[in-house]
Amino acid sequence: MEERMTLRPHHGLCIRHFTGKGYSPGFVENMARVITQLHDTPEQEICLRMREDILCGNCPHNEPGGCTSGQKVRRYDAAVLALCGLEDGAVLTWGEFERLVEERILSAGLLETVCRGCQWLALCQSIYSPKSNFADN
């Protein structure tokens, strides 16, 4: 199994709705690489942390000293953790987390509640469709 990957909790939603758009070519390339790894290995262990993760490195909001959107993304992270019944530092597989996000946030119609204020919300809402078989994801 791969080394445990650290992910911000709200990135479970970003990964689910990613369409190849992003802040920069470097960000898009990194995001696509991480998504491929997770989808190819749903048994990949992840650690959910409310801090910089593997996707933040190429984000223009990531500056020395932290995220310039810090308060907003901490709110997104806290909402995802609460709705999924998890805590900061939770360790589970990507497949388990993906299932929780789908069932407790997306299928429950809570995307806008979690992501209110995100510049990508309208895009995510336009492409959402429930996943019917988590084993195929």
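All of the numbers you see were taken from the coordinates with simple rules; none came from a lab. Worth saying up front: this structure is predicted, and the values here are computed from it rather than measured. Note that each Cβ is placed from the backbone with ideal geometry, even for glycine, and that neighbours are counted across all protein chains shown.
For the range 9-61, give the magnitude of the charge dipole about the Cα centre (Cβ charges: +1 Lys/Arg, -1 Asp/Glu; no others), in debye to the nearest 20. Mind dumping the intermediate values first?
Working: 5 positive and 6 negative charges, 45 e Å.
Computed about the Cα centre, the dipole is about 220 debye.
Taking the simple approach of a point 7 Å from Cα along Cα-to-Cβ for both residue 40 and residue 93, what is their distance in nm?
Each label point lies 7 Å from its Cα, and together they span 1.8 nm.
For the range 26-126, just say rounded, prolate or oblate: build the C-alpha gyration tensor, square-root its eigenvalues into a ≥ b ≥ c, call rounded for a/c under 1.5, and beyond that prolate if a/b exceeds b/c, oblate if not. Can you show the working numbers first?
On the way: a/c = 1.33, a/b = 1.09, b/c = 1.21.
It comes out rounded by the Cα gyration axes.
What's the extension gain from residue 113 to residue 72 if we count 0.36 nm per residue and subtract their Cα-Cα distance?
Going from the current span to full extension adds 13.5 nm.
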